[in-house]
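Data first, discussion second: the structure below is written as C-alpha coordinates.
The values are calculated or read from the model by the stated rules, or taken from the named source; none is laboratory data. Quick caveat, the model's predicted, so the values are computed rather than measured. So basically every Cβ, Gly included, is an ideal-geometry build from the backbone, and we count neighbours across all protein chains shown.
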Amino acid sequence: MNRETMLKNLQSRNEPWDILVIGGGATGVGVALDAASRGYAVLLLEQNDFGKGTSSRSTKLVHGGVRYLEQGNIPLVMEALKERGLLRQNAPHLVHDLPFIVPNYDWWEAPFYGMGLKVYDLLAGKFGFGKSRILSKAQILEELPTIKQEGLRGGVIYYDGQFDDSRLLINLVATGIEHGATMINYMPVRAFLKDGDFVNGVQAEDLESKKAYQIRARVIVNATGAFTDNLRSLADPGVNKMISPSQGIHLVFDRSLMPGNSAIMVPHTSDGRVMFAIPWHMHVVVGTTDTAIESAALEPVAFEHEIEFILETAGKYLSRPPSREDVLSVFVGIRPLVKSGNGGSTAALSRDHTIHIDNSGLLSICGGKWTTYRHMAEEAVEHAVTLAELDERPCKTKDLKIHGFQPYSPELGHMYVYGSDYHKIQDLIKESPELGQQLHPQLPYLKAELIWAIRFEMARTVEDFLARRVRALFLNAEASLEMASTVAEIMALELEKDSGWLASQLESFKALAGRYQVSSALAERSN
(Lines give C-alpha, C1' and ligand atoms only; values in the text may rest on other atoms or scores of the structure.)
Protein backbone atom coordinates (compact mmCIF):
# COMPACT_ATOMS: atom_id res chain seq x y z
CA MET A 1 0.00 0.00 0.00
CA ASN A 2 1.82 3.03 -1.33
CA ARG A 3 -0.07 5.97 -2.80
CA GLU A 4 2.74 7.09 -5.10
CA THR A 5 2.91 3.59 -6.59
CA MET A 6 -0.86 3.56 -7.07
CA LEU A 7 -0.71 6.90 -8.92
CA LYS A 8 2.04 5.57 -11.19
CA ASN A 9 -0.15 2.57 -12.00
CA LEU A 10 -2.98 4.92 -12.95
CA GLN A 11 -0.79 7.19 -15.04
CA SER A 12 0.90 4.36 -16.91
CA ARG A 13 -2.28 2.65 -18.09
CA ASN A 14 -3.39 3.62 -21.59
CA GLU A 15 -6.16 1.07 -22.07
CA PRO A 16 -9.58 1.28 -20.38
CA TRP A 17 -9.76 -0.49 -17.03
CA ASP A 18 -11.90 -3.63 -17.00
CA ILE A 19 -13.73 -2.52 -13.85
CA LEU A 20 -13.69 0.89 -12.18
CA VAL A 21 -15.03 0.89 -8.62
CA ILE A 22 -16.09 4.13 -6.95
CA GLY A 23 -16.14 3.98 -3.15
CA GLY A 24 -13.53 2.74 -0.70
CA GLY A 25 -15.71 1.19 1.98
CA ALA A 26 -16.32 -2.50 2.67
CA THR A 27 -18.49 -3.02 -0.42
CA GLY A 28 -16.25 -1.17 -2.88
CA VAL A 29 -13.03 -2.69 -1.61
CA GLY A 30 -14.70 -6.10 -1.59
CA VAL A 31 -15.69 -5.66 -5.25
CA ALA A 32 -12.19 -4.52 -6.21
CA LEU A 33 -10.58 -7.46 -4.39
CA ASP A 34 -12.95 -9.99 -5.90
CA ALA A 35 -12.42 -8.65 -9.43
CA ALA A 36 -8.62 -8.35 -9.07
CA SER A 37 -8.32 -11.89 -7.69
CA ARG A 38 -10.07 -13.13 -10.85
CA GLY A 39 -7.43 -11.37 -12.96
CA TYR A 40 -9.37 -8.33 -14.17
CA ALA A 41 -7.73 -4.89 -14.44
CA VAL A 42 -9.28 -3.00 -11.53
CA LEU A 43 -9.13 0.61 -10.35
CA LEU A 44 -10.80 1.85 -7.16
CA LEU A 45 -11.24 5.54 -6.35
CA GLU A 46 -12.22 6.84 -2.91
CA GLN A 47 -13.20 10.47 -2.34
CA ASN A 48 -11.73 10.59 1.17
CA ASP A 49 -9.91 7.87 3.10
CA PHE A 50 -10.69 4.17 2.98
CA GLY A 51 -13.53 3.51 5.42
CA LYS A 52 -14.15 7.18 6.21
CA GLY A 53 -17.91 6.58 6.19
CA THR A 54 -20.09 3.74 7.42
CA SER A 55 -17.44 1.03 7.19
CA SER A 56 -15.48 2.32 10.21
CA ARG A 57 -18.58 3.00 12.33
CA SER A 58 -20.20 -0.39 12.78
CA THR A 59 -21.11 -2.15 16.03
CA LYS A 60 -17.89 -4.19 15.53
CA LEU A 61 -19.82 -7.43 15.06
CA VAL A 62 -19.50 -10.16 12.46
CA HIS A 63 -22.89 -11.74 12.97
CA GLY A 64 -25.88 -13.42 11.42
CA GLY A 65 -28.30 -10.91 12.90
CA VAL A 66 -30.58 -12.09 15.68
CA ARG A 67 -32.99 -9.26 14.84
CA TYR A 68 -33.34 -10.45 11.24
CA LEU A 69 -34.16 -13.93 12.54
CA GLU A 70 -37.04 -12.45 14.54
CA GLN A 71 -38.21 -10.59 11.41
CA GLY A 72 -38.38 -13.93 9.62
CA ASN A 73 -35.63 -13.12 7.13
CA ILE A 74 -34.15 -16.59 7.26
CA PRO A 75 -32.22 -16.35 3.95
CA LEU A 76 -30.37 -13.22 5.10
CA VAL A 77 -29.52 -14.82 8.45
CA MET A 78 -28.24 -18.00 6.81
CA GLU A 79 -26.17 -16.03 4.29
CA ALA A 80 -24.70 -13.85 7.04
CA LEU A 81 -23.89 -16.84 9.27
CA LYS A 82 -22.07 -18.52 6.40
CA GLU A 83 -20.14 -15.35 5.60
CA ARG A 84 -19.34 -14.93 9.30
CA GLY A 85 -17.70 -18.34 9.19
CA LEU A 86 -15.75 -17.51 6.03
CA LEU A 87 -14.51 -14.27 7.57
CA ARG A 88 -13.16 -16.07 10.62
CA GLN A 89 -11.59 -18.64 8.31
CA ASN A 90 -9.92 -16.07 6.02
CA ALA A 91 -9.04 -13.34 8.55
CA PRO A 92 -8.62 -15.11 11.92
CA HIS A 93 -6.27 -12.37 13.15
CA LEU A 94 -9.18 -9.92 13.02
CA VAL A 95 -12.34 -11.99 13.54
CA HIS A 96 -12.81 -13.95 16.75
CA ASP A 97 -15.58 -15.48 18.84
CA LEU A 98 -17.38 -13.42 21.47
CA PRO A 99 -19.93 -14.70 24.02
CA PHE A 100 -23.20 -12.72 24.22
CA ILE A 101 -25.55 -12.89 27.15
CA VAL A 102 -29.27 -12.15 26.98
CA PRO A 103 -30.23 -11.39 30.60
CA ASN A 104 -33.68 -12.56 31.70
CA TYR A 105 -35.81 -10.60 34.17
CA ASP A 106 -39.17 -12.27 33.39
CA TRP A 107 -39.95 -15.98 33.75
CA TRP A 108 -40.81 -16.47 30.07
CA GLU A 109 -37.65 -14.92 28.61
CA ALA A 110 -35.22 -17.82 29.13
CA PRO A 111 -37.28 -20.46 27.25
CA PHE A 112 -38.39 -17.94 24.60
CA TYR A 113 -34.95 -16.57 23.73
CA GLY A 114 -33.31 -19.92 24.37
CA MET A 115 -35.49 -21.50 21.69
CA GLY A 116 -34.78 -18.67 19.22
CA LEU A 117 -31.04 -18.92 19.74
CA LYS A 118 -31.14 -22.71 19.24
CA VAL A 119 -32.60 -21.94 15.81
CA TYR A 120 -29.74 -19.47 15.29
CA ASP A 121 -27.26 -22.27 16.12
CA LEU A 122 -29.05 -24.63 13.75
CA LEU A 123 -28.96 -22.18 10.85
CA ALA A 124 -25.20 -21.67 11.32
CA GLY A 125 -24.56 -25.37 10.74
CA LYS A 126 -20.87 -26.11 10.22
CA PHE A 127 -20.11 -22.39 10.46
CA GLY A 128 -21.22 -22.22 14.11
CA PHE A 129 -19.18 -20.30 16.67
CA GLY A 130 -20.44 -22.14 19.76
CA LYS A 131 -23.58 -23.69 21.24
CA SER A 132 -26.09 -21.46 23.02
CA ARG A 133 -27.27 -22.52 26.48
CA ILE A 134 -29.29 -21.28 29.43
CA LEU A 135 -27.36 -19.83 32.40
CA SER A 136 -28.33 -19.42 36.05
CA LYS A 137 -28.24 -16.08 37.84
CA ALA A 138 -24.94 -17.05 39.50
CA GLN A 139 -23.40 -17.93 36.15
CA ILE A 140 -24.57 -14.61 34.68
CA LEU A 141 -22.97 -12.67 37.53
CA GLU A 142 -19.72 -14.57 37.03
CA GLU A 143 -19.67 -13.47 33.37
CA LEU A 144 -21.07 -9.97 33.97
CA PRO A 145 -20.22 -8.81 37.50
CA THR A 146 -21.65 -5.29 36.96
CA ILE A 147 -25.03 -6.35 35.55
CA LYS A 148 -28.12 -5.16 37.40
CA GLN A 149 -29.05 -7.91 39.88
CA GLU A 150 -32.50 -6.77 40.99
CA GLY A 151 -35.05 -9.12 39.39
CA LEU A 152 -32.38 -11.04 37.46
CA ARG A 153 -33.46 -14.66 36.96
CA GLY A 154 -30.69 -15.93 34.67
CA GLY A 155 -30.14 -15.68 30.97
CA VAL A 156 -29.07 -17.24 27.71
CA ILE A 157 -25.54 -17.26 26.31
CA TYR A 158 -24.79 -17.53 22.60
CA TYR A 159 -21.76 -16.86 20.41
CA ASP A 160 -21.15 -14.49 17.54
CA GLY A 161 -18.11 -12.81 16.01
CA GLN A 162 -16.29 -9.58 16.78
CA PHE A 163 -13.85 -7.63 14.64
CA ASP A 164 -12.20 -4.27 14.09
CA ASP A 165 -13.97 -2.90 11.03
CA SER A 166 -11.49 -0.34 9.70
CA ARG A 167 -8.52 -2.64 10.39
CA LEU A 168 -10.17 -5.39 8.35
CA LEU A 169 -10.85 -2.87 5.60
CA ILE A 170 -7.21 -1.75 5.43
CA ASN A 171 -6.14 -5.40 5.22
CA LEU A 172 -8.66 -5.96 2.43
CA VAL A 173 -7.16 -3.01 0.54
CA ALA A 174 -3.70 -4.53 1.00
CA THR A 175 -4.98 -7.89 -0.24
CA GLY A 176 -6.55 -6.31 -3.29
CA ILE A 177 -3.33 -4.50 -4.14
CA GLU A 178 -1.39 -7.75 -3.72
CA HIS A 179 -3.70 -9.24 -6.36
CA GLY A 180 -3.08 -6.43 -8.81
CA ALA A 181 -5.78 -3.86 -8.03
CA THR A 182 -4.96 -0.15 -8.05
CA MET A 183 -6.68 1.63 -5.15
CA ILE A 184 -6.35 5.36 -4.47
CA ASN A 185 -7.73 7.40 -1.60
CA TYR A 186 -8.41 11.15 -1.75
CA MET A 187 -9.47 11.04 -5.40
CA PRO A 188 -13.15 12.02 -5.80
CA VAL A 189 -15.04 11.55 -9.06
CA ARG A 190 -16.13 14.94 -10.41
CA ALA A 191 -17.95 13.90 -13.58
CA PHE A 192 -18.72 10.95 -15.81
CA LEU A 193 -17.41 10.44 -19.31
CA LYS A 194 -19.94 9.05 -21.78
CA ASP A 195 -20.31 7.36 -25.10
CA GLY A 196 -23.72 8.71 -26.02
CA ASP A 197 -25.88 8.17 -22.94
CA PHE A 198 -23.72 5.32 -21.62
CA VAL A 199 -21.02 5.96 -18.99
CA ASN A 200 -17.58 4.74 -20.03
CA GLY A 201 -15.28 6.65 -17.71
CA VAL A 202 -14.88 9.38 -15.14
CA GLN A 203 -13.11 12.63 -14.52
CA ALA A 204 -11.42 12.44 -11.12
CA GLU A 205 -9.28 14.83 -9.09
CA ASP A 206 -6.29 14.00 -6.93
CA LEU A 207 -6.97 16.14 -3.85
CA GLU A 208 -3.27 16.23 -2.95
CA SER A 209 -1.82 17.39 -6.27
CA LYS A 210 -5.06 18.95 -7.61
CA LYS A 211 -4.37 17.10 -10.85
CA ALA A 212 -7.38 16.00 -12.93
CA TYR A 213 -7.54 12.58 -14.59
CA GLN A 214 -9.67 11.32 -17.47
CA ILE A 215 -10.14 7.61 -16.82
CA ARG A 216 -11.88 5.13 -19.12
CA ALA A 217 -13.42 1.82 -18.03
CA ARG A 218 -15.49 -0.96 -19.55
CA VAL A 219 -17.87 -0.93 -16.60
CA ILE A 220 -18.25 1.34 -13.57
CA VAL A 221 -19.44 0.10 -10.19
CA ASN A 222 -20.99 2.60 -7.80
CA ALA A 223 -20.26 1.35 -4.27
CA THR A 224 -20.62 4.62 -2.39
CA GLY A 225 -23.07 3.41 0.26
CA ALA A 226 -25.12 6.24 1.70
CA PHE A 227 -23.97 8.47 -1.18
CA THR A 228 -25.20 6.07 -3.89
CA ASP A 229 -27.88 8.43 -5.17
CA ASN A 230 -25.46 11.37 -5.42
CA LEU A 231 -23.34 9.44 -7.90
CA ARG A 232 -26.35 8.09 -9.79
CA SER A 233 -27.64 11.65 -10.20
CA LEU A 234 -24.23 12.75 -11.44
CA ALA A 235 -24.51 10.15 -14.21
CA ASP A 236 -28.19 10.86 -14.90
CA PRO A 237 -29.99 13.76 -13.13
CA GLY A 238 -33.38 12.12 -13.77
CA VAL A 239 -32.94 8.98 -11.65
CA ASN A 240 -35.26 8.18 -8.75
CA LYS A 241 -33.63 7.90 -5.36
CA MET A 242 -32.96 4.43 -3.93
CA ILE A 243 -31.50 5.14 -0.51
CA SER A 244 -33.46 5.77 2.67
CA PRO A 245 -30.65 6.62 5.11
CA SER A 246 -30.80 6.20 8.85
CA GLN A 247 -28.16 6.83 11.45
CA GLY A 248 -27.10 4.85 14.46
CA ILE A 249 -24.86 6.02 17.29
CA HIS A 250 -22.57 4.25 19.74
CA LEU A 251 -21.28 5.47 23.08
CA VAL A 252 -17.88 4.34 24.32
CA PHE A 253 -17.02 3.93 28.00
CA ASP A 254 -14.14 2.83 30.20
CA ARG A 255 -13.92 -0.94 30.68
CA SER A 256 -14.78 -0.57 34.38
CA LEU A 257 -18.42 -0.09 33.36
CA MET A 258 -18.54 -3.74 32.27
CA PRO A 259 -15.24 -5.51 33.11
CA GLY A 260 -16.14 -9.05 32.00
CA ASN A 261 -15.23 -10.66 28.69
CA SER A 262 -18.82 -11.20 27.58
CA ALA A 263 -21.18 -8.85 25.77
CA ILE A 264 -24.79 -8.01 26.64
CA MET A 265 -27.53 -8.26 24.02
CA VAL A 266 -30.89 -6.64 24.78
CA PRO A 267 -33.34 -8.16 22.28
CA HIS A 268 -36.04 -5.49 22.45
CA THR A 269 -35.67 -1.74 22.85
CA SER A 270 -38.27 0.97 22.50
CA ASP A 271 -37.14 1.85 18.95
CA GLY A 272 -37.57 -1.70 17.67
CA ARG A 273 -33.89 -2.61 17.57
CA VAL A 274 -31.59 -4.68 19.72
CA MET A 275 -28.99 -3.04 21.93
CA PHE A 276 -25.47 -4.32 22.47
CA ALA A 277 -22.92 -3.56 25.17
CA ILE A 278 -19.66 -4.98 23.92
CA PRO A 279 -16.09 -5.19 25.26
CA TRP A 280 -13.81 -3.82 22.54
CA HIS A 281 -10.14 -2.78 22.70
CA MET A 282 -10.25 -2.58 26.52
CA HIS A 283 -13.29 -0.29 26.42
CA VAL A 284 -17.07 -0.85 26.23
CA VAL A 285 -19.12 0.08 23.16
CA VAL A 286 -22.87 0.50 23.66
CA GLY A 287 -25.32 0.95 20.80
CA THR A 288 -27.16 1.41 18.59
CA THR A 289 -30.04 3.67 17.58
CA ASP A 290 -32.04 3.94 14.38
CA THR A 291 -32.97 7.48 13.37
CA ALA A 292 -34.25 8.33 9.90
CA ILE A 293 -32.37 11.26 8.32
CA GLU A 294 -32.94 13.35 5.22
CA SER A 295 -29.46 13.08 3.73
CA ALA A 296 -26.06 11.55 4.42
CA ALA A 297 -23.00 13.42 5.70
CA LEU A 298 -19.39 12.26 5.86
CA GLU A 299 -19.28 13.24 9.54
CA PRO A 300 -22.77 12.79 11.00
CA VAL A 301 -23.49 14.10 14.49
CA ALA A 302 -25.50 12.43 17.27
CA PHE A 303 -28.91 13.73 18.29
CA GLU A 304 -29.63 14.47 21.95
CA HIS A 305 -32.47 11.94 22.03
CA GLU A 306 -30.13 9.20 20.72
CA ILE A 307 -27.61 9.80 23.49
CA GLU A 308 -30.36 9.84 26.11
CA PHE A 309 -31.87 6.65 24.70
CA ILE A 310 -28.64 4.67 24.97
CA LEU A 311 -27.82 5.99 28.44
CA GLU A 312 -31.33 5.20 29.66
CA THR A 313 -31.45 1.72 28.08
CA ALA A 314 -27.98 0.78 29.34
CA GLY A 315 -28.93 2.03 32.80
CA LYS A 316 -31.70 -0.58 32.99
CA TYR A 317 -29.16 -3.41 32.75
CA LEU A 318 -26.08 -2.19 34.61
CA SER A 319 -25.68 -1.85 38.39
CA ARG A 320 -24.12 1.59 37.90
CA PRO A 321 -26.11 3.45 35.26
CA PRO A 322 -23.72 5.34 32.95
CA SER A 323 -23.91 9.12 32.70
CA ARG A 324 -22.86 11.46 29.92
CA GLU A 325 -19.77 12.33 31.97
CA ASP A 326 -18.69 8.70 31.55
CA VAL A 327 -18.79 8.86 27.74
CA LEU A 328 -15.28 8.84 26.30
CA SER A 329 -16.41 9.01 22.68
CA VAL A 330 -19.57 8.99 20.59
CA PHE A 331 -19.46 7.85 16.98
CA VAL A 332 -22.21 7.91 14.39
CA GLY A 333 -22.68 5.74 11.31
CA ILE A 334 -25.18 5.97 8.46
CA ARG A 335 -26.98 2.92 7.15
CA PRO A 336 -27.47 2.95 3.36
CA LEU A 337 -30.85 1.22 3.53
CA VAL A 338 -32.68 0.61 0.27
CA LYS A 339 -36.13 2.18 0.09
CA SER A 340 -39.14 -0.02 0.73
CA GLY A 341 -42.52 0.43 -0.89
CA ASN A 342 -44.17 -0.34 2.44
CA GLY A 343 -42.96 2.77 4.26
CA GLY A 344 -42.64 2.43 8.02
CA SER A 345 -39.58 2.91 10.19
CA THR A 346 -36.04 2.46 8.98
CA ALA A 347 -35.58 -0.18 11.69
CA ALA A 348 -37.99 -2.38 9.71
CA LEU A 349 -36.18 -2.00 6.39
CA SER A 350 -34.36 -5.08 5.17
CA ARG A 351 -30.59 -5.30 5.27
CA ASP A 352 -30.58 -7.28 2.03
CA HIS A 353 -28.42 -5.75 -0.65
CA THR A 354 -29.58 -4.47 -4.02
CA ILE A 355 -27.77 -4.41 -7.37
CA HIS A 356 -29.24 -1.87 -9.77
CA ILE A 357 -28.23 -0.86 -13.30
CA ASP A 358 -29.38 2.57 -14.48
CA ASN A 359 -30.10 3.49 -18.10
CA SER A 360 -26.68 5.17 -18.09
CA GLY A 361 -25.07 1.76 -17.58
CA LEU A 362 -23.88 2.65 -14.08
CA LEU A 363 -24.01 -0.41 -11.84
CA SER A 364 -24.86 0.42 -8.22
CA ILE A 365 -24.63 -1.97 -5.29
CA CYS A 366 -26.13 -0.77 -2.02
CA GLY A 367 -27.68 -1.96 1.22
CA GLY A 368 -26.31 -5.05 2.89
CA LYS A 369 -24.09 -5.23 5.95
CA TRP A 370 -20.39 -5.62 6.80
CA THR A 371 -20.69 -9.34 7.44
CA THR A 372 -21.97 -10.06 3.93
CA TYR A 373 -19.55 -7.78 2.05
CA ARG A 374 -17.82 -10.73 0.30
CA HIS A 375 -21.00 -12.26 -1.06
CA MET A 376 -22.25 -8.83 -2.16
CA ALA A 377 -18.98 -8.24 -3.99
CA GLU A 378 -19.18 -11.62 -5.71
CA GLU A 379 -22.65 -10.86 -7.08
CA ALA A 380 -21.66 -7.33 -8.13
CA VAL A 381 -18.64 -8.60 -10.06
CA GLU A 382 -20.77 -11.24 -11.82
CA HIS A 383 -23.14 -8.50 -12.99
CA ALA A 384 -20.27 -6.21 -13.98
CA VAL A 385 -18.62 -8.95 -16.04
CA THR A 386 -21.87 -9.55 -17.93
CA LEU A 387 -22.49 -5.83 -18.47
CA ALA A 388 -18.96 -5.22 -19.78
CA GLU A 389 -18.89 -8.46 -21.79
CA LEU A 390 -15.67 -9.55 -20.08
CA ASP A 391 -14.41 -13.11 -20.09
CA GLU A 392 -16.11 -15.06 -17.30
CA ARG A 393 -13.77 -16.19 -14.54
CA PRO A 394 -14.66 -17.96 -11.27
CA CYS A 395 -14.81 -16.18 -7.91
CA LYS A 396 -11.84 -16.96 -5.66
CA THR A 397 -12.63 -15.12 -2.44
CA LYS A 398 -14.36 -17.91 -0.49
CA ASP A 399 -10.98 -19.34 0.49
CA LEU A 400 -8.80 -16.27 -0.06
CA LYS A 401 -6.59 -15.46 2.92
CA ILE A 402 -6.71 -11.80 3.94
CA HIS A 403 -3.46 -9.84 4.36
CA GLY A 404 -2.00 -10.42 7.83
CA PHE A 405 -3.47 -13.92 8.03
CA GLN A 406 -2.44 -15.81 11.14
CA PRO A 407 -4.33 -17.35 14.09
CA TYR A 408 -5.96 -14.90 16.49
CA SER A 409 -3.22 -13.93 18.94
CA PRO A 410 -4.55 -12.07 22.00
CA GLU A 411 -1.11 -12.42 23.61
CA LEU A 412 0.03 -9.66 21.23
CA GLY A 413 -2.08 -7.20 23.20
CA HIS A 414 -3.65 -4.39 21.23
CA MET A 415 -1.39 -5.20 18.25
CA TYR A 416 -3.15 -8.49 17.46
CA VAL A 417 -4.98 -6.61 14.69
CA TYR A 418 -1.80 -6.51 12.58
CA GLY A 419 -1.58 -10.27 12.32
CA SER A 420 1.63 -11.31 10.59
CA ASP A 421 2.63 -7.65 10.15
CA TYR A 422 3.19 -7.46 13.92
CA HIS A 423 6.75 -8.74 13.54
CA LYS A 424 7.56 -6.13 10.91
CA ILE A 425 6.41 -3.38 13.25
CA GLN A 426 8.59 -4.87 15.97
CA ASP A 427 11.51 -4.69 13.53
CA LEU A 428 10.92 -0.93 13.24
CA ILE A 429 11.25 -0.66 17.02
CA LYS A 430 14.46 -2.71 17.03
CA GLU A 431 15.95 -0.33 14.47
CA SER A 432 14.74 2.79 16.33
CA PRO A 433 13.91 2.03 19.99
CA GLU A 434 12.20 5.42 20.47
CA LEU A 435 9.40 4.14 18.21
CA GLY A 436 8.39 1.82 21.05
CA GLN A 437 7.07 4.82 23.00
CA GLN A 438 3.34 5.23 23.59
CA LEU A 439 1.69 8.20 21.94
CA HIS A 440 -0.57 8.76 24.96
CA PRO A 441 -0.63 7.19 28.45
CA GLN A 442 -4.36 6.36 28.27
CA LEU A 443 -4.12 4.43 25.01
CA PRO A 444 -1.66 1.69 23.99
CA TYR A 445 -0.71 2.92 20.52
CA LEU A 446 2.99 3.25 19.68
CA LYS A 447 4.97 5.61 17.49
CA ALA A 448 6.01 2.59 15.42
CA GLU A 449 2.37 2.04 14.45
CA LEU A 450 2.25 5.57 13.09
CA ILE A 451 5.36 5.03 10.99
CA TRP A 452 3.91 1.76 9.72
CA ALA A 453 0.59 3.40 8.82
CA ILE A 454 2.31 6.17 6.85
CA ARG A 455 4.75 3.96 4.97
CA PHE A 456 2.64 0.86 4.37
CA GLU A 457 -1.05 1.69 4.89
CA MET A 458 -1.55 4.93 2.93
CA ALA A 459 -2.34 7.10 5.97
CA ARG A 460 -2.25 10.67 4.68
CA THR A 461 -3.71 12.73 7.53
CA VAL A 462 -3.79 12.85 11.31
CA GLU A 463 -7.39 11.70 11.14
CA ASP A 464 -6.52 8.71 8.93
CA PHE A 465 -4.20 7.43 11.63
CA LEU A 466 -6.07 8.32 14.82
CA ALA A 467 -9.52 7.34 13.55
CA ARG A 468 -8.94 4.35 11.27
CA ARG A 469 -5.38 2.91 11.29
CA VAL A 470 -5.65 2.88 15.07
CA ARG A 471 -8.94 3.55 16.87
CA ALA A 472 -7.95 6.34 19.25
CA LEU A 473 -10.66 8.79 18.18
CA PHE A 474 -13.37 6.15 18.52
CA LEU A 475 -12.17 5.02 21.95
CA ASN A 476 -11.25 8.28 23.67
CA ALA A 477 -11.82 11.55 21.83
CA GLU A 478 -10.02 13.71 24.41
CA ALA A 479 -6.93 11.49 24.49
CA SER A 480 -6.80 11.42 20.69
CA LEU A 481 -6.89 15.20 20.65
CA GLU A 482 -4.02 15.36 23.14
CA MET A 483 -1.85 13.08 21.00
CA ALA A 484 -2.68 14.84 17.73
CA SER A 485 0.24 17.30 17.84
CA THR A 486 2.81 14.51 18.26
CA VAL A 487 1.17 12.55 15.43
CA ALA A 488 1.10 15.61 13.16
CA GLU A 489 4.78 16.39 13.75
CA ILE A 490 5.87 12.84 12.91
CA MET A 491 3.63 12.73 9.85
CA ALA A 492 4.94 16.06 8.60
CA LEU A 493 8.49 14.71 8.71
CA GLU A 494 7.59 11.40 7.05
CA LEU A 495 5.47 12.97 4.31
CA GLU A 496 7.76 16.00 3.89
CA LYS A 497 5.04 18.52 4.68
CA ASP A 498 5.55 22.11 5.79
CA SER A 499 4.42 23.99 8.90
CA GLY A 500 1.28 25.18 7.12
CA TRP A 501 0.18 21.60 6.55
CA LEU A 502 0.89 20.76 10.18
CA ALA A 503 -1.18 23.71 11.48
CA SER A 504 -4.04 22.87 9.12
CA GLN A 505 -4.05 19.25 10.23
CA LEU A 506 -4.25 20.17 13.90
CA GLU A 507 -7.03 22.67 13.29
CA SER A 508 -9.14 20.22 11.28
CA PHE A 509 -8.59 17.36 13.71
CA LYS A 510 -9.55 19.56 16.67
CA ALA A 511 -12.84 20.36 14.94
CA LEU A 512 -13.39 16.71 14.12
CA ALA A 513 -12.64 15.42 17.62
CA GLY A 514 -15.30 17.75 18.99
CA ARG A 515 -17.92 15.78 17.09
CA TYR A 516 -16.89 12.68 19.07
CA GLN A 517 -17.29 14.39 22.44
CA VAL A 518 -20.85 14.42 23.76
CA SER A 519 -20.96 18.05 24.91
CA SER A 520 -19.25 19.44 21.81
CA ALA A 521 -21.29 17.33 19.39
CA LEU A 522 -24.60 18.46 20.88
CA ALA A 523 -23.47 22.08 20.89
CA GLU A 524 -22.59 21.80 17.20
CA ARG A 525 -25.95 20.26 16.31
CA SER A 526 -27.85 22.96 18.23
CA ASN A 527 -25.98 25.60 16.24
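Please go through segment 299-328 and give me each residue that is over 14 Å from Lys148 (Cα atoms) and not in a loop (DSSP other than H, G, I, E, B), ordered by number.
Correct list: Glu304, His305, Glu306, Ile307, Glu308, Phe309, Ile310, Leu311, Arg324, Glu325, Asp326.
Any residue at all in segment 153-168 that's within 20 Å of Val381 (Cβ to Cβ), buried (at least 24 other Cβ atoms within 10 Å of the Cβ) and either in the same structural domain as Gly25 (by TED's automatic domain parsing) or in contact with a Leu (Cβ under 8 Å, 6 or more places away or on another chain) (or both)?
Yes.
Looking at segment 150-173, which of its residues are in contact with a strand residue (DSSP E or B) (Cβ under 9 Å, 6 or more places away or on another chain) and small (Gly, Ala, Ser)?
Within segment 150-173, Gly154, Gly155, Gly161 qualify.
Quick one: which residue in Ala459, Ala448, Ala384 is within 30 Å of Ala41 (Cα to Cα) and part of a helix (DSSP H, G or I)?
Ala384
I'm told Asn359 meets every condition in (1) more than 18 Å from Gly176 (Cα to Cα); (2) surrounded by 15 or more Cβ atoms within 10 Å (Cβ to Cβ) except one. Can you identify the failing condition by its number?
Single failed check for Asn359: (2).
Which of the following residues is more than 23 Å from the chain's Cα centre (by Cα), closer than 23 Å to Phe405 by Cα, of a type outside the set (D, E, K, R) and not in a helix (DSSP H, G or I): Gly51, Gly39?
When all the criteria are applied, what remains is Gly39.
Which one of these is modelled with pLDDT under 95 and in contact with a strand residue (DSSP E or B) (Cβ under 8 Å, 6 or more places away or on another chain): Gly180, Gly225?
Gly225
Report, by residue number, each residue of segment 438-496 that is acidic (Asp, Glu) and touching a residue at least 12 places away in the same chain (Cβ under 8 Å).
Within segment 438-496, Glu449, Glu457, Glu463, Asp464, Glu478, Glu482, Glu489, Glu494 qualify.
Could you identify the single residue in Ala138, Ala124 that is among the small types (Gly, Ala, Ser) and surrounded by fewer than 17 Cβ atoms within 10 Å (Cβ to Cβ)? Walk me through how you get there before you give the answer.
Values: Ala124 fails: surrounded by fewer than 17 Cβ atoms within 10 Å (Cβ to Cβ).
Testing whether each residue is among the small types (Gly, Ala, Ser) and surrounded by fewer than 17 Cβ atoms within 10 Å (Cβ to Cβ) leaves just Ala138.
Looking only at segment 69-82, decide whether some residue is in a loop (DSSP other than H, G, I, E, B), at pLDDT 95 or above and at positive phi.
no
Pick out, from segment 123-235, the strands (runs of 3 or more DSSP E) lying fully within it that include 1 or more residues that are among the aromatic types (Phe, Trp, Tyr).
154-162, 189-195, 198-205, 212-222
Across segment 46-70, what is the number of residues that are out of contact with any Phe, Trp or Tyr (no Cβ under 9 Å at 6 or more places or on another chain), more than 20 Å from Val285 (Cβ to Cβ) and either without any contact (Cβ under 8 Å) to a residue 12 or more places away in the chain or surrounded by 24 or more Cβ atoms within 10 Å (Cβ to Cβ) (or both)?
Looking only at that region, the number is 1.
Which is within 13 Å of Ser166 (Cα to Cα) and of a type in the set (A, V, I, L, M), of Ala448, Ala488, Ala472, Ala484?
On inspection, the qualifying residue turns out to be Ala472.
Take segment 470-489 and flag every residue that is touching a strand residue (DSSP E or B) at 6+ places or on another chain (Cβ under 7 Å) and polar (S, T, N, Q).
Result: Asn476, Thr486.
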